[in-house]
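Let me begin by presenting the structure, written as structure tokens, before commenting on it.
Nothing in this text is a laboratory measurement; each read-out follows from the coordinates by a stated rule. Quick caveat, the model's predicted, so the values are computed rather than measured. All Cβ positions, even for glycine, are placed from backbone atoms using ideal geometry, and neighbour counts span all protein chains on display.
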Amino acid sequence: MGVNDGRDASTRISARVLAAGDAVSFDFGGVVDGYCSDFGRTVFVGEPDAEFRRCHAIVVAAFEAGIAAATVGATAADVDRATRAVIDEAGYGSWFRHRTGHCIGLDTHERPFLSIDDETPLETGMAFTIEPSIFWPGTVGVRIEDLFVLEEGGCRSLNAFPRDLIAV
């Protein structure tokens, strides 16, 4: 288990014992009949402070903006712009260091990527993650990741786990 202490990727995994005030990011996946899944949450140890609560609420709002933007014919970049705009408007834009998501199938990370650089139109039947985040080194780290399939009426979540703030 790694402690998300907001530092760069090389320090995300450590043997340090969890303590109150830590945020821990979990990323789970599995393979069924050759097809991959992907799911993640950030859990706070102890009572979350105001900054973590604020960032979590912003990430949830960004996540919901991504869901709304993920429609047939929208581009992968449209979804990224929608999530990124929420985080930018809240003043945390420089701490969104990850693309919004990726397609998934026989491999966990497939193209198109839901990123500002990918203008691929989204099509019915595509499976992808939406996973906006705020990772501010030494301050806060939050990511919510769910798996979706695109249908004519929008995207349908393949995860049933709540997106509420989790504190243990």
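Remarks
- Alpha-carbon gyration tensor eigenvalues x 5, square-rooted, for the range 27-112, Å: 25, 19, 10
- Under the Karplus curve 6.51 cos²θ - 1.76 cosθ + 1.60, θ = phi - 60°, whole-Hz ³J(HN,Hα) for the range 129-140, x wherever Gly or Pro sits: 9, 10, 8, x, 8, 10, 10, 9, x, x, 10, 7
- Between G30, G93, G105, the Gaussian network model of the chain with springs among Cα atoms under 10 angstrom shows the greatest mean-square fluctuation at G30.
- Angle of helix 50-69 to the longest C-alpha principal axis of the chain, folded into 0 to 90 degrees and rounded to 10: 0°.
- Relative contact order %, the range 35-160, counting alpha carbon pairs below 8 Å whose residues are six or more apart: 31 percent
- Among G34, G21, G141, the residue with the largest mean-square fluctuation in a Gaussian network model of the chain, with springs joining Cα atoms closer than 10 Å, is G34.
- The modelled label-to-label distance for the pair A61/R97, using points 7 Å beyond Cα in the direction of Cβ, is 2.3 nm.
- With 5 Å bins from 0: P(r) over the chain, alpha-carbon pairs, percent: 2, 9, 19, 21, 20, 15, 9, 4, 1, 0
- Simple spin-label estimate for R163 and V149 in nanometres, 7 Å along Cα-Cβ: 2.0 nm
- Net length gained if the chain between S37 and V17 were fully extended (0.36 nm per residue, minus Cα distance): 4.3 nm
- The range 103-168 and the range 58-77 have Cα centres spaced 9 Å apart.
- Net lengthening on full extension, I116/A90 (0.36 nm per residue, minus Cα-Cα): 7.5 nm
- A167 long-range amide H proximity, modeled H, under 5 Å: F44
- The F26 and E47 beta-carbon pair, evaluated with R₀ = 22 Å, returns a calculated FRET efficiency of approximately 0.65.
- Computing FRET efficiency as 1/(1 + (r/R0)^6) for L106 and V72, where r is the C-beta to C-beta distance and R0 is 25 Å, gives about 0.65.
- Under a Gaussian network description of the chain, with springs only between Cα atoms under 10 Å, the residue in E131, E64, E47 that fluctuates furthest is E47.
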